[in-house]
Amino acid sequence: MAKLVLDPLTRIEGHLRIDVRTEQGKVAEAWSKGEMFRGFESILSGRDPFDAPVITQRICGVCPVSHAVASCLAVEGALGITPSRNGRLLRSLTLGANFLQSHILHFYQLAALDFVDVKKILAYQGKDPVLKEVKAWASQELASNRVLPLAPFLPRIPGDYAADTDWNIGALTHYLEALEVRQEAHRMAAIFGGKMPHTASLVPGGVTCGVDVEEVENFRSRLRLVSRFIENVYIPDVLLAARHYSGYADIGKGVGRFLSYGVFEESRGIYLPSGTVANGRYASLDSSKITEELAFSRYEGDTAHPSMGSTVPQSGKADAYTWIKAPRYAGEAFEVGPLARILVAYHQGMPEVRTEVDGLLAATGLKAAQLDSVLGRHAARALEARLVARRMETWLDELEPGKASVTPYEFQADGQGEGLTEAPRGALGHWLKVEKGRISHYQSVVPSTWNFSPRSSETSPGPVEAALLDTPIEPANEGMEVARVVRSFDPCIACAIH
Ligand code: NFE
Ligand code: MG
């Protein structure tokens, strides 16, 4: 029996710590720990409800648009505001751009370094000027006396990296290219969002910018650049990774229950459906079944629906081991994220998702059950990027230049609302109550809160804790297998603890 601690495990803001206990070369128990508290929900109390989208975006720089959309929907519900048609489409375009940048960022900048041996650049013999420059830089760094040479590529967990020099160098090239493409996606979000990372224009009622044909085409041309990268680089790289690391189709199997709130408002309805999948069966979503449990979380109070719950920190709480709460649906842990959205859409029967998933299974030789794995999560994220990028073209076509993007409304001083949407990492809900024109209650339940939740009882682990069970551990890898399982969920702890 041995214990392994990885801390911090995140390559972005937020401090995720993972502890595992291993037995006979496998993970026998795991603990997911959010190591800080921020208090956004308390900050919102007493504020003007129209400040909510501005403040909640500051929860995160990676998925701010989702927080803006969730709070706009919650305020609209509370105050009886119907967003305009253009506003819905512009929100979806801005959110879509944010999904694309986040998925590309995740695969290349946050996850790829667990698979790609960047040191192989030292063996580069070709003529590409950028790679020659990277090689020179790497040699210089490694020969230097710097404390952290070759950051952000090093230090790293030793791991079992693929040996193929060309593959590794190719992947490094794509790492660099992804940085540029991500900028394009940020520029797209800024066209209607005003600026990034935190948009200035998403408000209850729609978006405060007009639809101008030139801007629409500006957006479209950038979208095509990003789409080209998704089709020609991102998806092929995921397929190649699946070949080099095929064992990861059998590692990281989670709780087997998936949930999506549905996302991307269209002129009618929403694009990706809401619902749950358990035992391979689709069911519609009933948001009254959502609770947050607190047995092992450092907060006061008891299990409650987020419309009633509170977030009051209690640092010395006995048995508690994290600042992340434990969201549950009908009392059970559910996985959220791109894989959940894809499986919910698949089992609900959405034709284009069925085509994509069946195509992926045929191309990789994976069985449907193996989607619930490390590789399945990476593949679902890439397929979703393709689906969203394609659909964004139709939202651009549906915009009505010259028509209003925001609806006028009569201000109501009281109300209660629920804003359910999806962030790149999964289901995102904001719940608020307005009394005498001020926010009297605000709770958000965030994707990484679902996935990185602690136990709700001794026998009911959170989704990542469950996914780590039985992961084979090779001592020489120093926990790389754990890192790969955890990062397939794309953790953002700044969001999870908010
Ligand atoms: Ni900070 Fe977020 C997304 C939200 S996270 S990244 O995606 O909401 O869990
Ligand atoms: Mg919360």
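Structure notes:
- Residues located in region 69-98, provided they are away from ligand 1 (no atom under 16 Å from the Cβ) and either in contact with a Pro (Cβ under 8 Å, 6 or more places away or on another chain) or not in a helix (DSSP H, G or I) (or both): Val75, Glu76, Ala78, Leu79, Gly80, Ile81, Thr82, Pro83, Ser84
- Flag for Gly280 being modelled with pLDDT under 95 and either within 16 Å of ligand 2 (Cβ to nearest atom) or surrounded by fewer than 21 Cβ atoms within 10 Å (Cβ to Cβ) (or both): yes
- Residue match in region 55-68 (condition: more than 16 Å from the chain's Cα centre (by Cα), more than 16 Å from ligand 1 (Cβ to nearest atom) and in a helix (DSSP H, G or I)): no
- Flag if Phe107 is out of contact with any Ser or Thr (no Cβ under 7 Å at 6 or more places or on another chain) and not in a helix (DSSP H, G or I): no
- Residue in region 53-74 that is open to solvent by less than 10 Å² (accessible area, probe 1.4 Å), in contact with a helix residue (DSSP H, G or I) (Cβ under 7 Å, 6 or more places away or on another chain) and closer than 18 Å to Arg484 by Cα present: no
- Scanning region 418-442 for residues that are in contact with a Phe, Trp or Tyr (Cβ under 6 Å, 6 or more places away or on another chain) and open to solvent by 10 Å² or more (accessible area, probe 1.4 Å) gives Glu418, Leu420.
- Selection within region 171-180 - closer than 17 Å to Met196 by Cβ and open to solvent by 20 Å² or more (accessible area, probe 1.4 Å): Leu179, Glu180
- Consider region 449-470 and keep the residues that are closer than 21 Å to Ala249 by Cα and surrounded by fewer than 24 Cβ atoms within 10 Å (Cβ to Cβ). The one that is nearest to ligand 1 (Cβ to nearest atom) is Ala466.
Yes or no, residue by residue, for (1) of a type in the set (Gly, Ala, Ser); (2) open to solvent by 30 Å² or more (accessible area, probe 1.4 Å):
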residue: Tyr124; (1), (2): no, yes
residue: Ser139; (1), (2): yes, yes
residue: Ala185; (1), (2): yes, no
residue: Phe192; (1), (2): no, no
residue: Lys195; (1), (2): no, yes
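- Boolean, Pro236 is closer than 30 Å to Gly77 by Cβ, open to solvent by less than 70 Å² (accessible area, probe 1.4 Å) and not hydroxyl-bearing (Ser, Thr, Tyr): no
- Residue tally, condition in a loop (DSSP other than H, G, I, E, B) and within 13 Å of ligand 1 (Cβ to nearest atom), over region 37-54: 1
- Within the option set Glu352, Glu400, being in a loop (DSSP other than H, G, I, E, B), surrounded by fewer than 19 Cβ atoms within 10 Å (Cβ to Cβ), among the acidic types (Asp, Glu) and more than 19 Å from the chain's Cα centre (by Cα) holds for one residue only, Glu400.
- Of all the listed residues (Ala2, Ala78, Ala30, Ala97), the sole one being of a type in the set (A, V, I, L, M, F, W, C), under 18 Å from Ile191 (Cα atoms) and out of contact with any Phe, Trp or Tyr (no Cβ under 7 Å at 6 or more places or on another chain) is Ala97.
- Given (1) in contact (Cβ under 8 Å) with a residue 60 or more places away in the chain; (2) assigned to a helix (DSSP H, G or I), number of the condition Ile157 does not satisfy: (2)
- Contact annotation: residue pairs with Cβ atoms under 6 Å, 6 or more positions apart or on different chains, pairing a residue in region 8-28 that is more than 16 Å from ligand 1 (Cβ to nearest atom) with a partner that is among the β-branched types (Val, Ile, Thr) and part of a loop (DSSP other than H, G, I, E, B), are Thr22/Ile473; Gly25/Ile473; Val27/Thr471.
- A single entry from Ala340, Ala330, Ala318, Ala345 fulfils the requirement of being under 30 Å from Pro236 (Cβ atoms), more than 16 Å from ligand 1 (Cβ to nearest atom) and either in contact (Cβ under 8 Å) with a residue 40 or more places away in the chain or open to solvent by 60 Å² or more (accessible area, probe 1.4 Å) (or both): Ala345.
- Positions within region 271-298 being within 19 Å of Gly426 (Cα to Cα) and part of a loop (DSSP other than H, G, I, E, B), in sequence order: Pro273, Ser274, Gly280, Ser284, Leu285, Asp286
- Number of residues in region 447-498 that are within 16 Å of ligand 2 (Cβ to nearest atom), part of a loop (DSSP other than H, G, I, E, B), more than 19 Å from His378 (Cα to Cα) and at pLDDT 95 or above: the value is 3.
- Extreme residue, modelled with the lowest pLDDT, among residues of region 1-52 that are under 16 Å from Val464 (Cα atoms), open to solvent by less than 60 Å² (accessible area, probe 1.4 Å) and over 23 Å from the mean Cα position of the chain (by Cα): Leu4
- Some residue of region 247-270 being of a type in the set (Gly, Ala, Ser), open to solvent by 60 Å² or more (accessible area, probe 1.4 Å), in a helix (DSSP H, G or I) and closer than 29 Å to Asp160 by Cα: no
The values are calculated or read from the model by the stated rules, or taken from the named source; none is laboratory data. Given the structure is predicted, the values throughout are model-derived calculations rather than measurements. Using ideal geometry, Cβ is built from the backbone for each residue, glycine included, and neighbour counts are taken over all protein chains shown. Remember, those area values only see protein heavy atoms, side chains included, never the ligands or the DNA or RNA. Shrake-Rupley method; radii C 1.70, N 1.55, O 1.52, S 1.80 Å.
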